[in-house]
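A short worksheet on the structure shown next.
The values are calculated or read from the model by the stated rules, or taken from the named source; none is laboratory data. This one's a predicted model, so the numbers in the text were calculated from it and none came from an experiment. Backbone-built Cβ (ideal geometry, glycine too); neighbour counts: all protein chains shown. These area figures cover heavy atoms from the full protein model, side chains too; ligands, DNA and RNA do not enter into them. Shrake-Rupley method; radii C 1.70, N 1.55, O 1.52, S 1.80 Å.
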Amino acid sequence: MTDLAARARDLDAQHSATDRRSAFRIPEGVIYLDGNSLGALSVEAERTAADVVARQWGEQLIRAWNESDWWGAPERVGDRIGSLVGAAPGQVVVTDSTSVNLFKTIVAASRMRPGRSTVLTDPDSFPTDVYIARSACDLLGLTLELVPTPEAPARIAELGESLALAAYSQVDYRTGEQWDLPALTRAAHAVGALVCWDLCHSAGAMPVGLDEGGADLAVGCGYKYLSGGPGAPAFIYVRREHLAAFDNPLSGWQGHANPFGMSTDYAPAASITRARVGTAPLLSLLTLEGALTAYDGLSIEDVRARSLSLTGLFIEALDALGVELPLATPRDGARRGSQVSLRHPEAYAVVQALIARGVIGDFREVDIVRLGFSPLYLSHADVVAAAEHVAAVLDGREYERDEFRARSTVT
């Protein structure tokens, strides 16, 4: 392991410009490999949350809607996220949850493509994507087809003008495989259909290129790589050319063109504001804004380079240590998100044994040891140490201990 340790030191020096470890509160003795599920607390997020409670709410009271521009926060923070996902200003707003935003996009897309009967999504999407898609299609009288991402372009061509929307994730939440959504988008556009990109497992860790890739719509969450905190609000993207036609099915007052006119007749705002519904959870929203300052001065391309270096070294270390578990994640960096997933029949117990050693990852059914690499606060030394812990858990068969097999509610 001496060679790996030396390589880790060299790579940490090489990528020092993207090291934001000091901007986060990582408990001592912990290697945190679950930032793809809940990002670590940042120093600025903590400071912002305290300021929002004590000064803005505590002293400004209701005046904070104007004095601290609470009202403009959804669009302001949306533009900040837009800069990370390749969206020009005015096309992203932070609002609601990913599930609610996905429902909006499916209904709006069907209204933008009247007469078309089918929606496609991946059966291996995060389950809420499938549930929401099915619920929306049932309400609209549409047919939902579950088609794996690699097969989607061919099925899109077969469906032709009957396809209204293809809704797919950029990165598989279980395996970490990155999909070619621009190519899928071109296939959908060739038959006149729309595409919604789910960015939950890519936003903040890698370039997305919404504008460049031709995405029509997109959704994503704020609490994973973006580190906005548990329950942080999600975001929705509507391509500028579609804004006028985007018919939000949840016509709440904050999406109104004149919300304080208090009219009983709904008139949508002309801007991305029309995707808003009700009052934003300001404590969470502004905490997310604070967390995003960790990206100040960084390019998302450099963040991606660090991510690939971290995941690549981890895989290299596993190989060097003789860990023979099957990789669910592609070895090819161009096809890999910012995680490495391993398969093991006792995956849940393996994860619990790692957590007991201070290496925090998570488990996904049925056999996935899922390890997420948040580039801003992980070092190459961390990932080599994590690989050593994986090898020790397997070599010592620590996963066979009864306490590691007992399932908790949240896995």
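Given the C-alpha centroids of the range 31-47 and the range 91-128, what is the distance between them in whole angstrom?
Spelled out, the Cα-based centre of one part sits 28 Å from the other.
Explain nothing, just the number: dipole magnitude of the chain about its Cα centre with +1 on each Lys and Arg Cβ and -1 on each Asp and Glu Cβ, in debye rounded to the nearest 20. Present the calculation step by step, with values, prior to reporting the outcome.
On the way: 36 positive and 52 negative charges, 141 e Å.
Roughly 680 debye for the chain.
What share of the DSSP beta bridges in the range 165-319 is antiparallel, in percent to the nearest 5?
Taking every DSSP beta bridge with both residues in the range 165-319, the antiparallel ones total about 45 percent.
For the range 173-188, what does the Karplus curve 6.51 cos²θ - 1.76 cosθ + 1.60, with θ = phi - 60°, yield as ³J(HN,Hα) per residue in whole Hz, taken in order and with x for Gly and Pro?
Per-residue couplings from phi come out as 5, 8, 8, x, 6, 8, 9, 8, 5, x, 5, 4, 5, 4, 5, 5 Hz.
Pick out, in residue order, every one of the trypsin sites (Lys or Arg not before Pro) in the range 1-86 that is DSSP loop and has at most 15 other C-beta atoms within 10 Å; say none if there are none. Mind dumping the intermediate values first?
Numbers: sites: ARG7, ARG9, ARG20, ARG21, ARG25, ARG47, ARG55, ARG63, ARG76, ARG80; in loops: ARG20, ARG25.
Here the sparse-neighbourhood loop sites are ARG25.
In degrees between 0 and 90, to the nearest 10, how far off the longest principal axis of the chain does helix 282-291 point, with axes built from Cα atoms?
50 degrees
With all protein chains present, calculate the accessible area of HIS189 using a 1.4 Å probe and round the result to the nearest 10 Å².
Near enough 80 Å² of accessible area.
Of the candidates PRO74, PRO114, PRO281, which one comes out as most mobile in a Gaussian network treatment of the chain with C-alpha springs shorter than 10 Å?
PRO114
Quick one: of the DSSP bridges fully inside the chain, what percent are antiparallel, nearest 5?
DSSP beta bridges in the chain are roughly 50 percent antiparallel.
Using a simple charge model, +1 on the beta-carbon of Lys and Arg, -1 on the beta-carbon of Asp and Glu, nothing else, what dipole does the range 164-242 show about its Cα centre, in debye to the nearest 20? Walk me through the numbers on the way to the answer.
Numbers: 5 positive and 8 negative charges, 31 e Å.
Its charge dipole is roughly 140 debye.
Nearest 10 degrees, 0 to 90: what angle lies between the long axis of helix 127-140 and the longest principal axis of the chain (Cα atoms)?
Between helix and principal axis, roughly 20 degrees.
Let me spell out the model: positive unit charges on the Cβ of Lys and Arg, negative unit charges on the Cβ of Asp and Glu, origin at the Cα centre of the range 276-403. What dipole size does that give, in debye rounded to 20?
Details: 12 positive and 19 negative charges, 90 e Å.
With Lys and Arg at +1 and Asp and Glu at -1, about 440 debye.
Please sort 394-401, 333-340, 89-96 by packing, taking for each peptide the average over its residues of neighbouring beta carbons within 10 angstrom, highest first.
89-96, 333-340, 394-401
Can you send over the solvent-accessible area of GLU388, 1.4 Å probe, protein chains only, in Å² to the nearest 10?
Approximately 80 Å² for this residue.
Sort MET262, MET112 from largest to smallest accessible area, using a 1.4 Å probe on the heavy atoms of the protein chains.
Numbers: MET262 130, MET112 25 Å².
My answer, sorted largest first, is MET262, MET112.
Filter the GluC sites (Glu not before Pro) in the range 20-123 to those in DSSP coil with at most 13 other Cβ atoms within 10 Å of their Cβ, and list the result.
The qualifying sites are GLU28.
Can you give the accessible area of TYR223 in Å² (nearest 10), computed on protein heavy atoms with a 1.4 Å probe?
Probe radius 1.4 Å; accessible area of TYR223 about 70 Å².
Where does each of LYS224, LYS104 land when they are ordered by accessible area, with a 1.4 Å probe and the largest first?
Final ranking, largest accessible area leading: LYS224, LYS104.
Expressed as a whole percentage, what fraction of the accessible surface of the chain belongs to carbon and sulfur atoms when a 1.4 Å probe is rolled over the protein heavy atoms?
On the way: 8770 of 16600 Å².
That share works out to 53 percent.
Got a sec? What order do TRP197, TRP71 fall in by accessible area at 1.4 Å, biggest, i.e. largest, first?
Working: TRP197 0, TRP71 65 Å².
Putting TRP197, TRP71 in descending order of accessible area: TRP71, TRP197.
Go ahead and set up a Gaussian network model of the chain, Cα springs under 10 Å, then flag whichever of ALA218, ALA133, ALA154 fluctuates most.
ALA154
What ³J(HN,Hα) values, in whole Hz, does the Karplus curve 6.51 cos²θ - 1.76 cosθ + 1.60 give for the range 30-36 when θ = phi - 60°, with x put for Gly and Pro?
10, 10, 9, 10, 10, x, 7
Return one whole number: the accessible area per residue of the range 232-360 in Å², for a 1.4 Å probe.
Computed with neighbouring chains in place, this is 39 Å² per residue.
For the range 64-160, what is the accessible area per residue in Å², given a 1.4 Å probe and the full set of protein chains?
Ligands and nucleic acids excluded, the result is 40 Å² per residue.
What is the Cα convex hull volume of the chain when expressed per residue in Å³?
For the chain, the hull spanned by Cα atoms encloses 143 Å³ per residue.
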